[in-house]
Amino acid sequence: MDSDLFLVLGLVIGALSFPAVISAFSESRAPRVASIMVVIAGALIVLAVFNKPSGYKLSDVPDVFVHVVGRYLN
């Protein structure tokens, strides 16, 4: 797996964890699954940054996302 895929998976899992956190807090229960998702997302993003020697700029993220999605849909 390449670092671009790790970055995209980390961003998607991170984005999906926020509604889970809000749902858990609104129902007064511990956000166990949401916190696990945040840890996994953070680990994937850190792994992607360390695997790419030049790193990522914030302006590169949309291009990387489109490139990865396009690669796996074709």
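Values in this text are rule-based calculations from the coordinates and carry no lab data. No experiment lies behind these values; they were computed from the predicted model shown. Note: ideal-geometry Cβ built from the backbone for every residue, glycine included; neighbour counts use all protein chains shown.
Here are some notes:
- Residue count for region 1-32, restricted to those that are over 16 Å from Pro62 (Cα atoms) and either among the aromatic types (Phe, Trp, Tyr) or out of contact with any helix residue (DSSP H, G or I) (no Cβ under 6 Å at 6 or more places or on another chain) (or both): 14
- Here Ala15, Ala30 are screened, and the one residue that is of a type in the set (A, V, I, L, M, F, W, C), assigned to a helix (DSSP H, G or I) and either surrounded by 15 or more Cβ atoms within 10 Å (Cβ to Cβ) or on the phi < 0 side of the Ramachandran plot (or both) is Ala15.
- For region 41-74, a residue qualifies if it is β-branched (Val, Ile, Thr) and either in contact with a helix residue (DSSP H, G or I) (Cβ under 6 Å, 6 or more places away or on another chain) or touching a residue at least 40 places away in the same chain (Cβ under 8 Å) (or both), and the qualifying residues are Ile45, Val49, Val61, Val64, Val68, Val69.
- Total residues in region 12-50 satisfying the condition of being touching a Phe, Trp or Tyr at 6+ places or on another chain (Cβ under 7 Å) and under 17 Å from Val69 (Cβ atoms): the figure is 2.
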